[in-house]
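The values are calculated or read from the model by the stated rules, or taken from the named source; none is laboratory data. Model, not experiment: these values are computed from the prediction. Counting neighbours? That spans all protein chains shown, and the Cβs are built from the backbone with ideal geometry, glycine included.
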Amino acid sequence: MERKEFLKQGLIMCGLSLIPIGVIESCKKQSYAGPSNVNFTLDLTNTGNASLNSTGGSVYANGLIIVCTGASTYDALSATCTHAGCTVGYNSTSRTIVCPCHGGTYNVSTGAVISGPPPSGLTKYTVTKSGNILTIAS
């Protein structure tokens, strides 16, 4: 083998050996935490919040997903997947929070990881209802 060909193939092999490192780094377990200081209200008579008047309805507000899980029962969780930072959604059929990016699932009541790659659960927030007003707080 000529010296020039040897160096060319050596450089190609070095370049190819770096590809797995990039793949591993792109999927490394980094945790994305939810907002730390939360304190806001939602008016259930507002048309933008109307889905919260029915079990299974959900809305996004201030970086959170708020879900109506039963008659006057609500859960509020960070809307950011702890695996890759994607916005999660609520699946009313399975009653779980689901990440569309890598298939992670979370318990809607606790935020705990059920399955998939998320390294930790979603941050859970306190929800109280007074009349038609929901108050969500850290």
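Across the range 36-73, the number of residues qualifying as in a loop (DSSP other than H, G, I, E, B) and farther than 18 Å from residue 89 by Cβ comes to 8. For residue 32, the conditions (1) closer than 14 Å to residue 121 by Cβ; (2) modelled with pLDDT of 95 or more all hold with the exception of (2). Go through the range 77-97 and count every residue that is surrounded by fewer than 19 Cβ atoms within 10 Å (Cβ to Cβ) and more than 15 Å from residue 63 (Cβ to Cβ). Selection size over the range 77-97: 7. So in the range 112-138, with the set limited to residues that are out of contact with any Gly (no Cβ under 7 Å at 6 or more places or on another chain) and in a loop (DSSP other than H, G, I, E, B), which one is surrounded by the most Cβ atoms within 10 Å (Cβ to Cβ)? Selected residue: 120. Could you check the range 89-111 and list, in sequence order, the residues that are out of contact with any strand residue (DSSP E or B) (no Cβ under 9 Å at 6 or more places or on another chain) and either part of a strand (DSSP E or B) or under 18 Å from residue 73 (Cα atoms) (or both)? Matches in the range 89-111: 93 only. Only a single criterion out of (1) over 20 Å from residue 125 (Cβ atoms); (2) surrounded by 10 or more Cβ atoms within 10 Å (Cβ to Cβ); (3) modelled with pLDDT under 90 is not satisfied by residue 24, namely (2).
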